[in-house]
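Below is one structure, written out as structure tokens; comments come after it.
None of the figures in this text is laboratory data; all of them are computed from the coordinates on show. Every value quoted in this text rests on a predicted model; they were computed, and no experiment measured them. All Cβ positions, even for glycine, are placed from backbone atoms using ideal geometry, and neighbour counts span all protein chains on display.
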Amino acid sequence: MQFFVSEQKVRKDRRWAIGLVLVLLLGSLAMLVQAVRAEAAAELLLPVAVLLVLGLGIFASYRHIKQGVDAYLAVTLDESNHQAVMHFQGEIVHVDLLQVNYLRFQTRFGRIKSAILKADTGHIFKLIDFEDMDVLIATLERLVPAERVRSSAFLHQ
């Protein structure tokens, strides 16, 4: 079975990233005006440093928008072998579900909102806003040993 992040999550994150880019562009414009008005070289230090940081933020947000669905985790479960394959930005991680360190569910108002899976390889995967989230959670709960499954009503990390 394959599970992907929902289109609603992708659209929501895209809107947020576009808003962030607009705010960063406005900040960059303000710093550019500040740099142009500078009379001494010492007054250029802060605007140039801030422009560099804002530029990196704009670049990262633009890259996230451009990647679209590929910027998110995709999960493939093989129930017969108790295996999960995690695909994230070109990297593929195979996880033996019988050997995971823990699987934690975050519940909110009686429903499972997200899950964190820590693999024996040290990788940590946060599963949130997937299509068919209930099926994914039920399948993971069935495949991971019961003593390694926990539920939390508080936010987890």
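So what is the relative contact order for segment 89-134, in percent, with contacts set as C-alpha pairs under 8 Å and at least six apart?
Working: 57 pairs, mean separation 13.6, N = 46.
29 percent.
Could you give the radius of gyration (one decimal) and Dmax (whole number) of the Cα atoms in segment 2-70, in Å?
For segment 2-70, the Cα-based Rg and Dmax read 16.3, 59 Å.
Just A30, A60, A42 to compare: in a GNM of the chain, with alpha carbon springs under 10 Å, which one fluctuates most?
Fluctuation is largest for A42.
I'm spelling it out carefully: the read-out is Rg and Dmax of the Cα atoms in Å, the candidates are [x] 17.0, 57; [y] 19.6, 63; [z] 21.1, 70, and one was derived from this structure. Which label?
Given [x] 17.0, 57; [y] 19.6, 63; [z] 21.1, 70, the structure-derived one carries the label [z].
Mind checking the dipole of segment 24-157: about its Cα centre, +1 per Lys or Arg Cβ, -1 per Asp or Glu Cβ, Debye to the nearest 20? Let's see the in-between values first.
On the way: 12 positive and 14 negative charges, 86 e Å.
About 420 debye.
Compute, for segment 2-70, the length of the dipole vector about the Cα centre, with Cβ point charges of +1 (Lys, Arg) and -1 (Asp, Glu) only. Units Debye, rounded to 20.
Details: 8 positive and 5 negative charges, 76 e Å.
Around 360 debye, computed over segment 2-70.
Relative contact order for segment 73-152: what percent, with Cα pairs under 8 Å and sequence separation of 6 or more?
Details: 129 pairs, mean separation 21.2, N = 80.
Worked out over segment 73-152, it gives 26 percent.
Any idea how far the Cα center of segment 122-144 sits from the one of segment 1-45, in Å?
Using only Cα atoms, the two centres lie 32 Å from each other.
Dipole size in debye (nearest 20) for segment 73-152 around its Cα centre, Lys and Arg Cβ +1, Asp and Glu Cβ -1? Working shown, then result.
Details: 9 positive and 11 negative charges, 98 e Å.
Using only the charged Cβ atoms, the result is roughly 480 debye.
What are the lysines whose alpha-carbon lies under 20 Å from the alpha-carbon of K66, with same-chain residues fewer than 8 places away excluded?
Candidates past the 8-residue exclusion: K9, K12.
Taking a cut-off of 16 Å, what percent of all Cα-Cα pairs in segment 41-127 are separated by more than that?
68
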